[in-house]
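Inspection log for the structure reproduced underneath, given as structure tokens.
Read-outs: derived from the displayed coordinates by stated rules, not from any lab. In this text the structure is predicted, and so the values were computed from the model without any measurement. All Cβ positions, glycine included, derive from the backbone under ideal geometry; neighbour counts span all protein chains shown.
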Amino acid sequence: MPNWFARVDTAHIHTWAAAAALSAALTLLAACGAQGHKAPYQGALEVLAAEITAHSEDAFPAAPPPFTEGIFPCSRCHGDAPPPDEGEAVFPHVAHLEKGLECEDCHEDDAAPTPADAEFCDECHEPGDRGSERATAYFAGLTDGFPSRWDVTVKSPAHETHQEKGVACAGCHGQPSNAPFGKPGAAVLMQRCTTCHAEREASIDCETCHEAGTEAPHANIVLHHAEAQRGCLDCHDANDRDVLHLANGTPIPFEQSYRLCGQCHGPRLRDWRLGIHGKRTGTWDGRKEYLLCANCHNPHSPRFPQMVPLPPPTRPKEVR
Amino acid sequence: MTPKFKRRDVLGAGAAAAGLAMAGCGNELVEAFIKTRLAEMDPKQLETYLADLEAEYSARYGKDVSVDDTQARDGVLFAYGLDLDRCNGNRRCVEACVEENNQSRAGGPSGHSNPIEWIEVFEIPKEKGVDLDEADRYFDRESVPAPGMFYLPVQCQHCDNPPCVKVCPVEATWKEPDGIVVIDYDWCIGCRCCMSACPYGARHFNWSEPNLPAEEMNPNTHVVGNRPRPRGVVEKCTFCIQRTRQGKYPACHAACPTGARVFGNLLDPASEVRQLIERKRVYILKAELNTRPSFFYFYG
């Protein structure tokens, strides 16, 4: 069998390279200076400029990683509520508790706790003076209904059942906060429910709390990435779900996910920085654009997917 | 080097006889026959020549076609890298190449035009290694990569010691200063010696009138690159000379969805391809033939 493939002796290449390296560098410098650009991801640009020293300093990822619509921001379900939008209904629970009010004073019916009605509010507040825009929105919500922020609904008898078993409001909802309506702090993190249910030997079947057919969050995520040794919080930050964290705990934004990946995939990270691994776009003599690891590899299941190839070439006999 | 005599002089000397022989030909054909070769044109001749080509193509394809002659830059030597661990045989590079470089498509008015693809993607069983005897370029899979197979795209290797250039009897093909091996389509006599000399099967012959639908014609062309070719000439990959001399990456590089392709200036120490050969083990095809390719394969 002939030797189709042979290792290259790169010595002669170095000889060519030395000859015109200087003029090439000057050409490159001029080309870089002449090109302006707008980074779609300004933060990542700055990081890459600092991190990648082997290349022109205007390298940046071409696009943010492909997160599924609706997952961002993670803190919507995990951890503290995001700041309420302008005009969104919020209730200043903290201020009322400081005045000595108890949960039951406003949320009278234990079986189906509802917000206080306007008449009760009027006992202390001047009728007609609702104060801020958000307070006005709250009172409007009392009559018109509040917007649901939640995809997962809890069955209605939940409150009654919990009350019977002696679980206090704060047992699930935590201490009341000034969070947007419908999101009492980090109350309904499901982990809280399942832990408590496990301790009390209550059922943790899905249908115990959720209507049958409810789509579970993250149902689309399949962890096939050294899953025997890895869980969500190895990469996602437990305290702030809108960031990732390195093994040493350093939080990093999603745009710098390559630092996280590089902890295990060191040689790959090195090759990526040099332009040997991963796709580059832009120009060979000036501005180059990078794609992040997560642009091509699903971080939960990183193997590159199978593709449908384009048709084979025409055989000579088919041409005639 | 200037030849001792030119076709025009010969024709001038034998004008009477030639005139008789060519009486049936139109002026354009006579002009085409006696034209000076590209490499020997003075700037004025070249300007007229390019303008004539642009006018001809613009009329033929009904769009504004440009034919440029951007020259090689100083301090640039192109080289290409291809990661055999990444390539999955999806053939997107082939499609992009055909569209960018105005290659002949299958079918055509006669129904049997000779389709040309400058990139051949071979499927080889992993257990065989890089053995072209085991390679299949007609693989037809529902999805790739197929189990146990790897993929080896082969195109012009732009050799430093190109056998195709050596054998051309009319010097219609040569290596440019930036490493690109090109063909003067107007000077090629279609003898196909270069095709038999090339050990990589990288050269292709227009057996029939190329089938290039006007709506698919790429109007940004280079005179020794992707300008439409006539029947009876040889053509090949030019590293997308019309793109790369403007700073762009080649079309196959831009189209590759797996990021298997690396391209750049070997003389620039920071370029991807230079970093590649300095830091990885790279391989060339058929090294024993001493062709010294500018196309490096590696396992990323």
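Counted by neighbouring Cβ atoms within 10 Å, the residues A:Lys99, B:Lys166, B:Lys236 run from fewest to most as A:Lys99, B:Lys166, B:Lys236.
On average, how many beta carbons from a partner chain sit within 10 Å of the beta carbon of a residue in B:85-91? Before the final figure, lay out the partial values.
Working: counts 1, 5, 0, 5, 3, 5, 7.
Rounded to a whole number, the mean comes out at 4.
Counted residue by residue at 0.36 nm each, then reduced by the alpha carbon distance between them, the extension gain from B:Ala72 to B:Leu46 reaches 7.7 nm.
Using Cα centres only, tell me the gap between region B:151-222 and region B:86-130 in whole Å. If we compute the Cα centre of each part, the gap is 16 Å.
Counting Cβ atoms of other protein chains within 10 Å of each Cβ in B:239-248 and taking the mean gives 2.
Give me B:Arg91, A:Arg200, A:Arg259, B:Arg60 ranked fewest to most by other Cβ atoms within 10 Å of their Cβ, as a rough exposure proxy. If you can, show how the numbers build up before the last one.
On the way: B:Arg91 25, A:Arg200 9, A:Arg259 16, B:Arg60 13.
Ordered by Cβ neighbours within 10 Å, fewest first: A:Arg200, B:Arg60, A:Arg259, B:Arg91.
Give the relative contact order (percent, whole number) for chain B; include only Cα pairs under 8 Å separated by 6+ residues. Provide the component values of the computation, followed by the final result.
Values: 529 pairs, mean separation 76.3, N = 300.
Contact order relative to length: 25 percent.
In debye to the nearest 20, how big a dipole does chain B give about its Cα centre with +1 on each Lys and Arg Cβ and -1 on each Asp and Glu Cβ? Show your work: numbers first, answer last.
Working: 36 positive and 42 negative charges, 103 e Å.
Dipole magnitude for chain B comes out near 500 debye.
A simple count of charges around B:Thr238, restricted to other residues whose Cβ falls under 14 Å of its Cβ and scoring Lys, Arg +1 and Asp, Glu -1, yields +1. Considering the dipole of region B:78-298 built from charges on the beta carbon (Lys and Arg +1, Asp and Glu -1) around the Cα centre, which of B:Ile277, B:Pro230, B:Leu82 is farthest to its positive end? Among B:Ile277, B:Pro230, B:Leu82, the one farthest towards the positive end of the dipole of region B:78-298 is B:Ile277. Other residues lying with their Cβ under 13 Å from the Cβ of B:Asn101 contribute a combined charge of -1, Lys and Arg counting +1, Asp and Glu -1. Structural descriptor for region B:121-268: relative contact order 17 percent, calculated from alpha carbon pairs under 8 angstrom and at least 6 residues apart. Relative to the dominant Cα principal axis of chain B, helix B:43-61 is inclined by about 80°. When only Cα pairs below 8 angstrom with a gap of at least 6 residues are kept, region B:88-141 shows a relative contact order of 27 percent.
Tell me whether region B:78-298 comes out rounded, prolate or oblate; compute the Cα gyration tensor, take square roots of the eigenvalues as a ≥ b ≥ c, and use a/c under 1.5 as the rounded threshold. Write down the numbers at each step before the final one.
Values: a/c = 1.44, a/b = 1.20, b/c = 1.20.
In terms of gyration-tensor shape, rounded.
Would you mind checking A:Lys279/B:Lys126; A:Lys288/B:Lys126; A:Lys288/B:Lys63 for any pair whose Cα atoms are more than 28 angstrom apart? The pairs that break the limit, which is 28 Å between Cα atoms, are A:Lys288/B:Lys126; A:Lys288/B:Lys63.
Give me B:Lys128, B:Lys280 sorted ascending by neighbouring Cβ count inside 10 Å, so fewest comes first. Before the final figure, lay out each step's value.
Details: B:Lys128 14, B:Lys280 19.
Least crowded to most crowded, the residues run B:Lys128, B:Lys280.
Comparing B:Gln71, B:Gln242, B:Gln103 in a Gaussian network model of chain B (Cα springs below 10 Å), the most mobile by mean-square fluctuation is B:Gln71. Rounded to the nearest 20, the size of the Cβ-charge dipole of region B:238-300 about its Cα centre is 80 debye, with Lys and Arg at +1 and Asp and Glu at -1. Per-residue shielding of B:253-263, expressed as the average number of other chain Cβ atoms within 10 Å of the residue Cβ, stands at 4.
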